[in-house]
Amino acid sequence: MSERFPERLRTLRRRKGLSQQALGERLGVSQTSIYKWESGQAEPDMETLREIAAFFGLTMDALCSDGARQEAQEMNIAVMNRAFRQMTPEEQAKLIEVGRTLFSHAFDPDQEPW
């Protein structure tokens, strides 16, 4: 789990305006558990992590990662979008066709891996 999980949990809890006690009650755990998770002294088990993620409307990855992956994905999408807009319509059409071919191959269970 990310070293930033305690900080992320504390921030999410505060954004909802909840005390450690109130969050613990909603999750069915003690205030002491919330305190230990937020201070990095302990970590919740997987089922509780799922409940925490669901409570805050997040994926497990978003809850537990350091956020670098999400930032990198957003940067890559922005770069690709900018490059796509600079292409001619013919180049865009070719790229779209290549993308369709790759995706259909990648998600076809009958295809052999490359």
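The values are calculated or read from the model by the stated rules, or taken from the named source; none is laboratory data. Fair warning: this is a prediction, and the values are worked out from it, not measured in the lab. Positions of Cβ are backbone-derived with ideal geometry, glycine not excepted, and every protein chain shown enters the neighbour counts.
Residues that are not assigned by TED's automatic domain parsing to the domain that holds Arg14 and not in a helix (DSSP H, G or I): does region 87-97 have at least one?
Of all residues in region 87-97, those not assigned by TED's automatic domain parsing to the domain that holds Arg14 come to 87-97.
From the residues that got through so far, the ones that are not in a helix (DSSP H, G or I) too are 87-88.
Yes, region 87-97 contains at least one residue that is not assigned by TED's automatic domain parsing to the domain that holds Arg14 and not in a helix (DSSP H, G or I).
Can you go through Glu3, Glu38, Glu47 and tell me which one is at negative phi, outside any helix (DSSP H, G or I) and of a type in the set (D, E, K, R)?
Working: Glu38 fails: outside any helix (DSSP H, G or I); Glu47 fails: outside any helix (DSSP H, G or I).
Going through Glu3, Glu38, Glu47 in turn, the sole match is Glu3.
Go through region 3-38 and give me each residue that's surrounded by fewer than 14 Cβ atoms within 10 Å (Cβ to Cβ), under 18 Å from Thr59 (Cα atoms) and not charged (D, E, K, R).
Thr11
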